[in-house]
1. When you go through 555, 513 one by one, which is the residue that is more than 19 Å from residue 280 (Cα to Cα), touching a residue at least 40 places away in the same chain (Cβ under 8 Å) and in contact with a strand residue (DSSP E or B) (Cβ under 8 Å, 6 or more places away or on another chain)?
2. If residue 751 passes every condition in (1) crowded, with 17+ Cβ neighbours inside 10 Å; (2) touching a helix residue (DSSP H, G or I) at 6+ places or on another chain (Cβ under 7 Å); (3) assigned to a helix (DSSP H, G or I) but one, which one does it miss?
3. Considering each of 93, 109 in turn, give the residue that is closer than 16 Å to residue 752 by Cα, surrounded by fewer than 18 Cβ atoms within 10 Å (Cβ to Cβ) and out of contact with any strand residue (DSSP E or B) (no Cβ under 6 Å at 6 or more places or on another chain).
4. Among helices (runs of 4 or more DSSP H) lying entirely in the range 1-118, which contain 3 or more residues that are under 30 Å from residue 164 (Cα atoms) and either outside the structural domain of residue 752 (by TED's automatic domain parsing) or modelled with pLDDT of 80 or more (or both)?
5. Restricting attention to the range 176-220, and to residues there that are part of a helix (DSSP H, G or I) and in the same structural domain as residue 324 (by TED's automatic domain parsing), which single residue is surrounded by the most Cβ atoms within 10 Å (Cβ to Cβ)?
6. Scan the range 482-509 for residues that are surrounded by fewer than 20 Cβ atoms within 10 Å (Cβ to Cβ), free of Cβ contacts under 8 Å to residues at least 40 places away in the same chain and farther than 16 Å from residue 787 by Cα and jot them down.
7. I want to confirm something. Restricting to the range 543-565 and keeping residues that are within 30 Å of residue 309 (Cβ to Cβ) and in contact with a helix residue (DSSP H, G or I) (Cβ under 6 Å, 6 or more places away or on another chain), which single residue is surrounded by the most Cβ atoms within 10 Å (Cβ to Cβ)?
8. Give 245, 230 a once-over and let me know the one that is part of a loop (DSSP other than H, G, I, E, B), in contact with a strand residue (DSSP E or B) (Cβ under 7 Å, 6 or more places away or on another chain) and either crowded, with 19+ Cβ neighbours inside 10 Å or outside the structural domain of residue 310 (by TED's automatic domain parsing) (or both).
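The values are calculated or read from the model by the stated rules, or taken from the named source; none is laboratory data. Here the structure is a predicted model, which means the values were calculated and not measured. All Cβ positions, glycine included, derive from the backbone under ideal geometry; neighbour counts span all protein chains shown.
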């Protein structure tokens, strides 16, 4: 058993240090005293800003942001208020320059001393994938971890990370889960298998009873369109053990609607009232001609599949008392799905058992047994071989060469277990556990200044793959070649090829665009009919596929704001009211102006994560667009300012409520940036559909029309979404700089600081010839000093 106490002490030492302060130059203090302190003092701290108690430090992001906001407000001429103070432009400019220089000097001095990015640890997902790669396992380990704090959507920001005794216990528990699974697979016979379930094995076993399983009609397992929960559950697919399963379903549509096939969902769960939640597995559009669909999913022991028509716009059958009798669906003339067979395969997506054995035991043979405790590992010289295996494992776990003397303490622990138990398998497990509890595994090993090749390999791999460097990266690092720009560009291309690029996009979008929140709310079906889980998943797929195209083709970054294409399947196209799209595979679709779509900005996924399921708020969407897409950071509102509550009766429009709210001067300055993008998107309801009026579309009472016009912070006016998009696209450099900032945060664990602005601008300018192409921005970011230095 590895005691966590030495680890705790070391981590505390790594994460604590002096918070340095530096006196402000006299000219800055004089300006603040003369023009600002009267309104920002302990007795009169307007907008929550007390300049007398504000620490003269930029050591933390929060402090730095407060000083930067002072610069921005003075630079914009908002502060001191023109009506309260007469400040000459030259005097204000000198103050802005002096304060900016002070901030840069302090941040650069801190970076030289400690690095731009403090010590950072693996995120939950990075820890899971690292253990997968090290051990060859495939357990969904993040399910055993507590949720992480996010900063602007990102889980890897150092200032949000912490290490408590609770988190150490969690880490130990996750490591034990991973090792137990790896050693189980390495010491027991393979557990992979495949079988086919014909329709007769899929349907209900008691045809005369009313139940929720499919019924047998003409040799096929049939499920009709209906609203009964768990209708279409298939007990024959019940998992007898936790694991990954691949399902291939051959099915066809019955009584298809006139506008296409029968869209069906595949979900998993216990399918009983005591465990009501179902997990998404996949969807397909059943057609009159039979087709095969393959999906993969993790199932816990006891979970089964539910396959049913899932399109909520389909006519639904009526079934009494929550059960369906044989023969009740057909006469109601509702659509259905007919399943010919289901093929079930138990598999391991990351490595087979032979590879797991190699990761743990090298070339040494192991005699497996159904009882892992009876497995045998033959070693000619157990202590010597255990040391050699642990040295190899340490190099992979620590992501760099490890001197033998650094491995010795861990090996001694393994040798002690060998002496006590006489079992080399148990000894290795103890040794590996000790290595995986080391800070050198849990934390990135980076020193202030230029990163060495192994640190570059690690940073690159975790940014683009979310896991530890592979063999090729490790070899290039050992050869000292990763500081070569051309080699680095080749590795970027390799890692972003095929599945790697798709995974990178999903990881980035999950955090940058808050797509992890897609399930957080569900639009009210009475207010927004037609929305269902198929539409929601298709929205996610649209955004992922769109960004993949931008990455693959190096498309201009302006396409996040507007474009003349997107990617749709027939279900999402019908939801968006776009004609001519067929099938369940996403295809590139040209957009006409009248559909009011174009750019990432208008995707249904974005509209959904920026609404609460019942109403929309220009403030919430405006803050989101400002911070995620436009690169305008919005400070939190002062505690004394109440939130705006929408008038659910519809008596007052959100514009009227906001007009009253922003009459307060302390509110108006922030809403100048927030409100334009928020109002520009008001034509999209919480479910992502276009609307022209507020209120319930089903009610016939007069509803207030939507006015999407507003004024930009610089005074330019727009009348609708399209003219807003045009104004934003006049400054693509700002969009590019924002994306670079998100990539820096995603790749390094720290958002760009005030002192990094010049470096960000240089990255952006490198990509001007490509129209600020998305892939070009990624490459320029990774090859920049911001990425290649701690």
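1. On the way: 513 fails: in contact with a strand residue (DSSP E or B) (Cβ under 8 Å, 6 or more places away or on another chain).
Going through 555, 513 in turn, the sole match is 555.
2. Failed condition: (3).
3. Numbers: 93 fails: closer than 16 Å to residue 752 by Cα.
Sole residue among the options that is closer than 16 Å to residue 752 by Cα, surrounded by fewer than 18 Cβ atoms within 10 Å (Cβ to Cβ) and out of contact with any strand residue (DSSP E or B) (no Cβ under 6 Å at 6 or more places or on another chain): 109.
4. Working: elements: 5-15, 26-35, 61-75, 89-114.
In the range 1-118, 5-15, 61-75, 89-114 are the helices (runs of 4 or more DSSP H) which contain 3 or more residues that are under 30 Å from residue 164 (Cα atoms) and either outside the structural domain of residue 752 (by TED's automatic domain parsing) or modelled with pLDDT of 80 or more (or both).
5. Going residue by residue through the range 176-220, those that are part of a helix (DSSP H, G or I) are 176-187, 199-202.
Of the ones still in play, those that are also in the same structural domain as residue 324 (by TED's automatic domain parsing) are 199-202.
Numbers: 199: 20, 200: 13, 201: 16, 202: 25.
In this case the residue turns out to be 202.
6. Matches in the range 482-509: 490, 493, 494, 497, 498, 499, 500, 503, 506.
7. Checked the range 543-565; the qualifying residue surrounded by the most Cβ atoms within 10 Å (Cβ to Cβ) is 543.
8. Values: 245 fails: part of a loop (DSSP other than H, G, I, E, B).
After applying the criteria, what remains is 230.
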